[in-house]
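One structure is given here, and the rest of the page talks about it.
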Amino acid sequence: MSDLGITPRSINYADWYNDLVLKAKLADYSPVRGCMVIRPHGYAIWELMQRALDDMFKATGHVNACFPLLIPKSFFSREAAHVEGFAKECAIVTHYRLMNDPNGEGVVVDPEAKLEEELIIRPTSETIIWNTYKDWIQSYRDLPILINQWANVMRWERRTRLFLRTAEFLWQEGHTAHATNEEAEQEALTILEIYRSFCEEWMCVPAIAGLKTENEKFAGAHHSYCIEAMVQDLRAIQAGTSHHLGQNFAKAFDVKFQNANGELEYVYATSWGVSTRLIGTLVMAHSDDKGLVLPPKLAPIQVVFVPMGRDEQTREKTFALSDKIAAELSEAGLRCKVDKREKESPGFKFNDWELQGACVRVEIGPRDLEAGTCVLAVRDTGEKQTVQIAHACTQIRTLLEETGQRLFKKALELRESNTQRIDDWDSFEKQFQGEGGCGFVLAHWDGTTETEQTIAEKTKATIRCIPLKPLEAGDNQPGRCVLTGKPSEQRVVFAKAY
RNA sequence: CGGGGCGUAGCGCAGUCUGGUUAGCGCGCCUGCUUUGGGAGCAGGAGGUCGCGAGUUCGAAUCUCGCCGCCCCGACCA
């Protein structure tokens, strides 16, 4: 097992994750620190995510557009909190030309080609978008604007990890403009619900929808919502965010509209996004020491066929039978692959497809030809069963259905068995003493940033969110802050986070 | 930005301390034959600016100095 080159989770979770991402060919490191190559297998997962989310956005009235990569530096100074949040991690374009190095080999930046105004590579697009919306909005009849874009952004992170935090990443960012505060609030919540349902139904990862604290909210937002998930090392990971921006950007970019009464008002805004971090979340949520475990809805290959045969004739027959079943499944919309590689042994293929995360493997060999059967192996449980060919398609669909339910259930059980309610400081502090993730703690908090930061300093645990709905009855009842003993309205989620 | 580790074939490593044939090994790759129900075997073959730059020396992967890069762990962030 160890010669597969994947560090077991029990030895080192971080190494396991890195090994898996590389070995399963999801991504590669790039020549530039913090950037990555998303390989076809990883990109296929992203495409499936994109399609599902994009359909949901469209179904709720959104349209796609694409704004430019480069943003004039001056735009960033408009919204104070926004600058504060992003200034320290921006890549800046200062020149537009290279020249041959007069002293020798290679090329150097041409000092003559300095830009009048430096350009920022977008870390997020609020500023350029609001600068544009200003020209698009005059009347309440121009509202709402419900635009999304699929794009890459760049944040010069000090410490990066494949998919979880890369300098450049892919995401979608929605930017909407509304006539009223209530409508913007509804928009932020609608999107949050899309994210939650996507996370749970497509990724099979249970998510807690909640409100970010002032301390954790998006730079420039009035308030931020998020979905938080737990992965196998018991850390929290933010899987998506939806912000109500209030009138902050409208004021910064002077975006006003005339209402039905002829009065000028600033518009209300939201922005929201999920990124390729979802792929990292997905890997960390379900996969095991043998490789990827993917939920059927997001598996690039749901069903893989491994036909076997010593001789040409047997091979032809098992290939043909595999093709026939695969065609029937494809007809029904499943993503299938018949592995016809001749050099690799069946055993190699079994391991290889387990690494790649194919949900169900169909083995067809000489014995099956005689018996009119095939063997179905389920990726996440490792269980094998022999079925009649006539029943194969039905059974495969059942197994995929069950896989999705099982992955969600298992992830939910992990979260529930590692979530506790703690009301005294000693126990709280003790809970977070261990290395790495320590699960979720639902505790009371007095609502101040000061307390939040003190707790973070002492325990490394942060407030992931203030749940919108109680996880259990009673979580939304008043109590006393776990640190200060001051009154608290409800329990909030504490955890060590990615 | 602090601490640690590493840079030698596509990948993983040995060799470096103690300088000295033509720089090795495993995996992978190419060719051929035999193989195929849990990572096949044999034979042959291709593949190297030893991270970069100076220096010491008759001679440097190995010693000295400088530089660069990457990974991991902490502080900050989707």
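Some observations on this one:
- Whole-Hz ³J(HN,Hα) from phi, Karplus 6.51 cos²θ - 1.76 cosθ + 1.60, for the range A:427-432, glycine and proline x: 5, 4, 5, 4, 4, 9
- Portion, in percent, of the accessible area of chain A that falls on carbon or sulfur, probe 1.4 Å: 49
- Mean separation of Cα contacts under 8 Å, 6 or more apart, over the residue count of the range A:2-286: relative contact order %: 18
- Whichever lysines have a C-alpha closer than 19 Å to that of A:K430, once near sequence neighbours (fewer than 8 apart) are set aside: A:K458, A:K460, A:K496
- Shown for the range A:296-402: lysine pairs separated by 8 or more places, or found on different chains, whose C-alpha atoms are under 17 Å apart, numbering 8.
- Crossing angle, helix A:13-23 versus chain A [Cα axis fit, 0-90 degrees, rounded to tens]: 70
- Take the Cβ atoms of A:K460 and A:L189, set R0 to 30 Å, and the FRET efficiency comes out at 0.45.
- Mean Cβ neighbour count within 10 Å, used as a protection proxy, ranking A:473-484, A:393-404, A:254-265, A:116-127 highest first: A:116-127, A:393-404, A:473-484, A:254-265
- Using the Karplus relation 6.51 cos²θ - 1.76 cosθ + 1.60 with θ = phi - 60°, the per-residue 3J(HN,Hα) values for the range A:245-250 come to 8, x, 10, 4, 6, 4 Hz, with x marking Gly and Pro.
- The alpha carbon centroids of the range A:57-99 and the range A:376-415 are separated by 44 Å.
- Simple spin-label estimate for A:R159 and A:K88 in nanometres, 7 Å along Cα-Cβ: 1.3
- A simple rule links phi to the HN-Hα coupling: the Karplus curve 6.51 cos²θ - 1.76 cosθ + 1.60 with θ = phi - 60°, which for the range A:332-337 gives 7, x, 8, 8, 10, 8 Hz, with x for Gly and Pro.
- One compactness figure for chain A is 1.11, namely its Cα radius of gyration divided by 2.2 N^0.38 Å.
- Surface per residue (accessible, 1.4 Å probe) for chain A, Å²: 46
- Sequence ranges A:234-241, A:423-430, ranked by mean other-Cβ count within 10 angstrom, highest first: A:234-241, A:423-430
- In degrees, nearest ten, helix A:449-459 long axis to first principal axis of chain A (Cα): 40
- Against chain A, whose longest principal axis comes from its Cα atoms, helix A:389-417 is set at around 40 degrees.
- Span per principal axis, largest first, for the Cα atoms of the range A:19-149 (Å): 61, 46, 25
The values are calculated or read from the model by the stated rules, or taken from the named source; none is laboratory data. Computed from a predicted model, the values in this text were never measured in an experiment. We place every Cβ from the backbone using ideal geometry, glycine too, and count neighbours over all the protein chains shown. Ligands, DNA and RNA are stripped out before the accessible areas are found, and what is left, the full protein with its side chains, is counted by its heavy atoms. Shrake-Rupley method; radii C 1.70, N 1.55, O 1.52, S 1.80 Å.
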